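**Q** Here it is, the structure, as structure tokens.
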Amino acid sequence: MATEPASRSEAINTERGDMAVPAPVLTMGGIGKQFPGVKALDGVDLRLLPGEVHALMGENGAGKSTLIKVLTGVYPADAGTIELGGAPVAFGSPLEAQQAGISTVYQEVNLCTNLSVAENIFIGREPRRFGRIDWKRMRARAKKLLSRLELSLDVSAPLSTYSLAIQQMVAIARAIDVEARVLILDEPTSSLDAGEVEQLFRVMRRLKEEGIAILFVSHFLDQIYEISDRMTILRNGTLVGEYLTRELSQVQLVAKMIGQELAALERLHGEAKVFDRPLIEARELGRTGAIEPFSMTIHEGEVVGLAGLLGSGRTEIARLLFGADHAGSGEIVVSGSVTSLRTPRAAMGHKIAFCSENRKADGLIPDLTVRENIILALQATRGWTRPVPREQQDELVGKYIKALKISPPNPEHLVRNLSGGNQQKVLLARWLILEPRLLILDEPTRGIDVGAKTEIQRLVAELSDGGMAVLFISAELEEVLRLSHKVGVLRDRRLVAELPNDDSLTTDVLMETIASGASQMNASEASNVDASGGRAS
Amino acid sequence: MTTLTLGRASIPAKYLPVLVTGCLFVAMFMVGGIRYEGFATGQIILNVFIDNAFLLVMAVGMTFVILTGGIDLSVGSVVALSTMISASLMAGPGWPPYLVVPLVLAIGSGLGLVMGYIVHAFDIQPFIVTLAGMFLARGLCYTIGTDSIPIEDPTFTAFAQTRIDLFADMWISPSVIIALVVVAVAAYVLRYTRFGRSVYATGGSEQSALLMGLPVGRTKITVYTISGFCSALGGVLLSFYMLSGYGLHAVGMELDVIAAVVIGGTLLTGGSGFLLGTVLGVLVLGLIQTIISFEGTLSSWWTKIFIGLLLFVFILLQRLFSARSRR
């Protein structure tokens, strides 16, 4: 992806010498890590200052995870030094790192949801009295610790009764109880909704005030700009540089991450197209408890975006159009005739394809190869008694691996070993092979890096130019705006507006449409979008 | 929060399954009391304890294993092997009980330790490891002898026939006291020791427990050792009860034990359950047998039918509870 390797000189050129910088809590210098056949890290520096949120940026495979694993003692470093509070350290295990004050909270909450909140914080180091666990003291200490995070929970209730966001906070509480000086948050926000992210950020700001250095990894650029003070950018295992967040625009950041200027960040659809051939039409289609009756027409070659908060009914619309759920009311018209899409199979018969949001659970089979995964849907439409000939498989799979730039380009690679972006491409290829007329994409770019994201966006634009209709669902409003010809806005399980995407439509307008009447929208989110929109322009 | 509100008190959802089992026991006892003359006495309940002391001890071990998300199919065979070793050592070379019993307990624990080690070190399904253990232990019985061996050691039989009188003409056997001590110790361990909490954590999520720095491997090996110890102790108690050793003792008893634990509200997937529930589960099974013997005309196979039906109801209830608390 990178056009030229990151130069060390660029790193030196970056802002480093401002006067008010306190002594770093943690310094990593010249870190190198070699895996068989891959140089995962080469001469990477990182320093964390007390009371700062430091974002670690880079595409998938840039070396972020490896760097964190070297820091926390999962892997030994091949080269370089790590200093904690000025003294050189080398950790043999995450436990050792934790005991030294470096705690990590991972994307998946690694707690036991069957145990109580208090136990999850203290298990393994419960306060004891005469050799027995002192439950009373444990609950009191848990309450106190959580109040530091501005949380008031029933600490004796099982963790499973709380939302994922709260569980994440409990994980953080567990992490900071051990006198943490450095807190590493690895993609903590990827499964949280906007309100929950805000709550997490409040906690992070509070910890920051207490002088803890926070290393934050996230794919959401808006979040990086909202919370971080400073960032270190990696590319292909090398250091690009360290920057103050306020001095680097989003476009500059993305350019540094992928190593080239991003024309793709502009709106992909230049000229207006005329849509006169309706492909699928929903008339007062609805399902009790899922989505209020709505009407919507999707034309050939049209990209329709769906915008709305998590749980506003975006996925429910997709599932109705794909026949995954039964409509309680209304009808679907495909190519002019009323049809009942009672099963996904019926929808596939009408050449409708659905790339689900949860690619791991609903879509891909991690233990099958890339080829087997891609061929799956095609095979299903033919029936299992008529296997697709191997030569035809190889040809088709080869074509799509090339077209979508799936990496590594090896059809016999197991899907579980692919990065998130490439898994998403495999899922896309599976449906594209069927040559659908309507492609429903539910959050196709969630959790994948900027490079792969841009490629998928470009692909959607190309497909629609070729006449395919696309229903595009994404939580990222800018992405929806960039791709769609028109945008359906959802709020509280109701389609509240259908806006043509012309120059007057901005993320602000979308935000307002989503927010108007919906009281949950808080000001900080709106200003967040404001700020990022302003930066990108 | 899922809570059941009863009047003004509310009961946390985690106690619900135990409560259901408790209500079931009370209801069965009342139905029996109304239907049969001389049923509603304290001695009836004590008899359930006396007749099922060995089952209770085995169920305690099984509760540990199931709480970690495992299963131990070898318990019935280990019981048989224990009775066989006890009887043959006392009958043949004439070993005294105070040597035989510790030896039997050590053998049972050792078998459990080995199975636990295999489960942990080679990451093999406990189902298949303990299935192997089940065949092995049962087979070993027949290397000792194919016939029933009576136990005639005077100390042993005297202890077995001891009646401990309580108030109002009620009595229990020493086995009941042993079983209740085992229950009390186990309940304390599960609630108040780090090992006990690791058992719950391992059953909740092994991966998370590992990442939280808990000794998952040691915990797993220990629970199978405990289960082996409890089975051997159950075997000793069964020897008191039967006064014989026989390779066909306790055939299929592992399934009774699992049924008791599940009816007691412990989730087979691990991580949730209480020893009190296990005690109630054993009592419910015992009471079914008592009711059927009071009925007189019913064949004892009806016990199995009722246990089967109860199990169905309870696994469906478990599903319901876990679906509700996940919301």
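**Q** Give the separation of the Cα centroids, the stretch A:74-129 to the stretch A:451-514, in Å.
**A** Centre-to-centre distance over Cα atoms comes out at 42 Å.
**Q** Report, ordered by chain and residue number, the lysines lying within cross-link reach of residue A:136, taken as a straight Cα distance under 23 Å and ignoring same-chain residues fewer than 8 apart.
**A** Leaving aside lysines fewer than 8 places away in the same chain, those within reach of residue A:136 are A:144, B:14.
**Q** Can you sort A:28, B:58, B:84 by how many other beta carbons sit within 10 Å, fewest first?
**A** If I rank by nearby Cβ atoms, fewest first, I get A:28, B:84, B:58.
**Q** Stretch residue B:30-residue B:319 to full length: gain in nm at 0.36 nm per residue minus the Cα-Cα span?
**A** Net length gain for the segment: 101.3 nm.
**Q** Is the C-alpha gyration tensor of the stretch B:45-250 telling us rounded, prolate or oblate? Criteria: a/c under 1.5 is rounded; beyond that, a/b larger than b/c is prolate, otherwise oblate.
**A** Oblate.
**Q** Using a 10 Å cut-off around each Cβ, can you sort A:371, A:148, B:163 from fewest to most neighbouring Cβ atoms?
**A** Values: A:371 21, A:148 14, B:163 10.
The most exposed by this proxy come first: B:163, A:148, A:371.
**Q** Right, another one. Given the DSSP H assignment, sum -39500 (n - 2.57) over each helix run of at least 4 residues in chain A and divide by its residue total; what's the result at 222 nm in deg cm²/dmol, nearest 500?
**A** -10500 deg cm²/dmol
**Q** Give me the distance between the Cα centres of the stretch B:83-119 and the stretch A:134-211, rounded to whole Å.
**A** Here the two parts' Cα centres lie 50 Å apart.
**Q** Moving to a separate point now. Using a Gaussian network for chain B with springs between C-alpha atoms less than 10 Å apart, which of these wobbles most: B:82, B:299, B:205?
**A** B:299
**Q** To continue, here is another question. How much length would be gained if the chain were fully extended between residue A:367 and residue A:414, taking 0.36 nm per residue of separation minus their Cα-Cα distance, in nm to one decimal? All intermediate terms of the calculation are to be shown ahead of the outcome.
**A** On the way: separation 47, 0.36 × 47 = 16.92 nm, distance 0.60 nm.
Going from the current span to full extension adds 16.3 nm.
**Q** Another question, if that's okay. Need one number: nm distance between label points at residue A:177 and residue A:90, each 7 Å from Cα along Cα→Cβ, rounded to one decimal.
**A** 3.2 nm
**Q** Another question about this same structure. Set the Förster radius R0 to 41 Å, insert the Cβ-Cβ distance between residue A:164 and residue A:399 as r into 1/(1 + (r/R0)^6), and round the FRET efficiency to 0.05.
**A** On the way: r = 39 Å, r/R0 = 0.96.
Approximately 0.55, to the nearest 0.05.
**Q** Just to be sure I follow the rule: in the stretch A:350-449, considering lysines 8 or more places apart or on different chains, how many pairs have Cα atoms under 19 Å apart?
**A** So the count of such lysine pairs works out to 4.
**Q** Mind giving me the nanometre distance, one decimal, between the label points for residue A:434 and residue B:184, set 7 Å out from Cα along Cα→Cβ?
**A** Distance between the two pseudo-spin positions: 6.6 nm.
**Q** Give me the distance in nm between label points sitting 7 Å out from Cα along the Cα-to-Cβ direction at residue A:277 and residue B:99, one decimal.
**A** 9.6 nm
**Q** Please report Rg over Rh for chain A, where both radii come from the alpha carbon positions and Rh follows the Kirkwood definition.
**A** 0.98
**Q** Place a point 7 Å from Cα of residue B:146 in the direction of its Cβ. Which residues in the stretch B:203-245 have their backbone N less than 16 Å from it?
**A** The answer is none.
**Q** If amide hydrogens are placed 1.01 Å from N in the peptide plane, which non-local residues have theirs closer than 5 Å to the one on residue A:85?
**A** Here A:26, A:27 satisfy the definition.
**Q** Pick from B:32, B:61, B:235: which residue has the top mean-square fluctuation in a GNM of chain B where Cα pairs under 10 Å get a spring?
**A** Largest GNM mean-square fluctuation: B:32.
**Q** By the gyration tensor of its Cα atoms, with a ≥ b ≥ c the square roots of the eigenvalues, what is the shape of the stretch B:86-202: rounded for a/c under 1.5, prolate for a/b over b/c, or oblate?
**A** Verdict is oblate for the stretch B:86-202.
**Q** For an R0 of 30 angstrom, estimate the FRET efficiency from the Cβ-Cβ distance between residue A:78 and residue B:121 and round to the nearest 0.05.
**A** 0.45
**Q** Can you list the residues, at least 5 places off or on another chain, whose amide H is less than 5 Å from the amide H of residue A:134, using H built in the peptide plane?
**A** For residue A:134, the qualifying residues are A:128, A:129.
**Q** If you build a Gaussian network model of chain B, linking Cα atoms that sit under 10 Å apart, which residue out of B:54, B:229, B:39 swings the most?
**A** B:39
**Q** Compute the Cα gyration tensor for the stretch B:108-170, then decide on rounded, prolate or oblate, letting a ≥ b ≥ c be the square roots of its eigenvalues: rounded whenever a/c is under 1.5, prolate when a/b is larger than b/c in the other cases, and oblate in all that remain.
**A** The shape class here is oblate.
Read-outs: derived from the displayed coordinates by stated rules, not from any lab. What you are looking at is a predicted structure, and each value in this text was computed from that prediction instead of being measured. Note: ideal-geometry Cβ built from the backbone for every residue, glycine included; neighbour counts use all protein chains shown.
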